[in-house]
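Structure first, then comments.
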Amino acid sequence: MSLYIYKNHKIKKKFGQNFLFNKDDILSIINVIKPKYDDIMVEIGPGLGALTKVMSCYVDELTVIEIDKDLVNMLLCMDLFKKNVIILEMDVRKFDFYSLYYKKKKLLRIFGSLPYNNAMSIILYLSKYRNFVHDMYFVLQKEIAYRLAAKPNSKFYGKLSIIIQYYYNVFLFFDIHPSSFKPSPKVYSIVVRFVPLIFPDVFVENLNNFNNLLNCVFSYRRKILKNSLCRFFTIEELKKIKINIFSRAENLSVKDFCLLSNYISDKTKI
């Protein structure tokens with residue numbers, strides 16, 4: 001990415017714009033993704049196109065989705081890309097990924113450097129299309145990524161960990177220094193792979209109950225479960241589900257929370 005191009009673009013904070021430009025990091029990301037020529041690749045937030053340009057050399061066709069009209073116009077004018085790059089100007093959270101899957105008849109592979117302020121809403125939106133996605137690779141804020149990948153009994157483990165791990169297997173790769181971006185963020189980033197879970201260990205019957213349960217128990221995460229879950233369960237019920245009533249929220253697995261949520265759903269049916 002040329003410094004001239006960067007300086008001639010007005011950074012929009014509402015879009016969380018930090019443009020990855022370090023060539024070594026870009027090549028490392030490509031090496032992690034291992035794109036094949038016939039892969040259906042979709043990039044979210046191409047920015048000034050540094051990663052886009054390299055990826056376009058590996059695949060037959062690349063779709064990029066960019067919300068910033070100025071960046072879209074800049075990308076089109078730069079003439080960096082071959083005819084195999086399709087640029088869409090829109091909020092990715094309004095894009096119908098199923099239509100692309102239906103058109104190509106092949107699972108999608110999604111990647112990008114996500115804005116810190118909207119990363120979670122984008123990842124959760126994509127969970128609706130997980131049946132049509134092979135995998136996803138995102139550059140995320142390191143602390144957020146640790147929370148997404150955290151396991152029980154970890155200080156990073158919480159509601160976000162459980163919700164994301166209900167939908168995805170999460171894998172952390174390598175760190176990216178703030179100096180690899182323009183403008184430089186104040187925090188480190190990390191490359192994360194998300195592999196959709198089409199068949200979770202336990203299917204959640206009611207996502208509202210699941211969400212309410214997590215909100216409640218992690219609002220009082222230092223309380224033991226017989227106290228933090230008393231709104232939903234008697235001690236006898238918790239013992240029936242084989243939950244240790246003296247453990248805390250961070251000690252339970254994703255499967256445990258799914259079972260608890262389904263128990264609530266079953267009770268409301270009676």
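What pairs can you find where one residue is in the stretch 193-207 and more than 12 Å from residue 168 (Cα to Cα), the other is small (Gly, Ala, Ser), and their Cβ atoms are less than 8 Å apart, with a gap of 6+ or different chains?
204/261; 205/261; 205/265; 206/261; 206/265
Pick from 201, 266: which is in contact with a Lys or Arg (Cβ under 7 Å, 6 or more places away or on another chain) and open to solvent by 40 Å² or more (accessible area, probe 1.4 Å)?
Result of the check over 201, 266: 201.
Kindly indicate whether any position in the stretch 236-245 is surrounded by 14 or more Cβ atoms within 10 Å (Cβ to Cβ) and under 23 Å from the mean Cα position of the chain (by Cα).
Looking through the stretch 236-245, none of the residues is surrounded by 14 or more Cβ atoms within 10 Å (Cβ to Cβ) and under 23 Å from the mean Cα position of the chain (by Cα).
Could you identify the single residue in 190, 164, 122 that is touching a Leu at 6+ places or on another chain (Cβ under 8 Å), open to solvent by less than 40 Å² (accessible area, probe 1.4 Å), within 19 Å of residue 33 (Cα to Cα) and touching a residue at least 24 places away in the same chain (Cβ under 8 Å)?
190
Out of the stretch 191-247, which residues are part of a loop (DSSP other than H, G, I, E, B) and of a type in the set (Lys, Arg)?
221, 222, 223, 231, 242
Across the stretch 250-263, which residue is farthest from residue 224 (Cα to Cα) among those that are touching a residue at least 60 places away in the same chain (Cβ under 8 Å) and either buried (at least 17 other Cβ atoms within 10 Å of the Cβ) or hydroxyl-bearing (Ser, Thr, Tyr) (or both)?
Ranking the candidates gives 262 first.
Find the residue count for the stretch 10-49, including only residues that are at pLDDT 95 or above, among the hydrophobic types (A, V, I, L, M, F, W, C) and farther than 19 Å from residue 91 by Cβ.
Selection size over the stretch 10-49: 8.
Go through the residues of the stretch 144-161 one by one and say whether even a single one is open to solvent by 10 Å² or more (accessible area, probe 1.4 Å), in contact (Cβ under 8 Å) with a residue 60 or more places away in the chain and aromatic (Phe, Trp, Tyr).
No, every residue in the stretch 144-161 fails to be open to solvent by 10 Å² or more (accessible area, probe 1.4 Å), in contact (Cβ under 8 Å) with a residue 60 or more places away in the chain and aromatic (Phe, Trp, Tyr).
Within the stretch 31-56, which residues are of a type in the set (A, V, I, L, M, F, W, C) and either part of a strand (DSSP E or B) or touching a helix residue (DSSP H, G or I) at 6+ places or on another chain (Cβ under 9 Å) (or both)?
The answer is 33, 40, 41, 42, 44, 48, 50, 51, 54, 55.
For the stretch 102-115, give me each residue that is buried (at least 16 other Cβ atoms within 10 Å of the Cβ) and part of a loop (DSSP other than H, G, I, E, B).
The answer is 114, 115.
Within the stretch 136-153, can one find any residue that is within 24 Å of residue 37 (Cβ to Cβ) and not in a strand (DSSP E or B)?
No; the residues of the stretch 136-153 include none that is within 24 Å of residue 37 (Cβ to Cβ) and not in a strand (DSSP E or B).
Kindly indicate the residue of the stretch 248-270 that is of a type outside the set (S, T, N, Q) and part of a loop (DSSP other than H, G, I, E, B) and also modelled with the lowest pLDDT among those meeting that condition.
Among those that are of a type outside the set (S, T, N, Q) and part of a loop (DSSP other than H, G, I, E, B), it is 270.
Could you please find all residues in the stretch 157-197 being of a type in the set (A, V, I, L, M, F, W, C), over 19 Å from residue 125 (Cβ atoms) and modelled with pLDDT of 95 or more?
171, 172, 173, 174, 176, 190, 191
Residue 99 passes all but one of (1) open to solvent by less than 70 Å² (accessible area, probe 1.4 Å); (2) in contact (Cβ under 8 Å) with a residue 24 or more places away in the chain; which number fails?
In the conditions (1) open to solvent by less than 70 Å² (accessible area, probe 1.4 Å); (2) in contact (Cβ under 8 Å) with a residue 24 or more places away in the chain, residue 99 misses (2) alone.
The values are calculated or read from the model by the stated rules, or taken from the named source; none is laboratory data. Treat the numbers as computed from the prediction; the structure is a model and nothing was measured. Counting neighbours? That spans all protein chains shown, and the Cβs are built from the backbone with ideal geometry, glycine included. The area values use the complete protein model at the heavy-atom level, side chains included, leaving out ligands, DNA and RNA. Shrake-Rupley method; radii C 1.70, N 1.55, O 1.52, S 1.80 Å.
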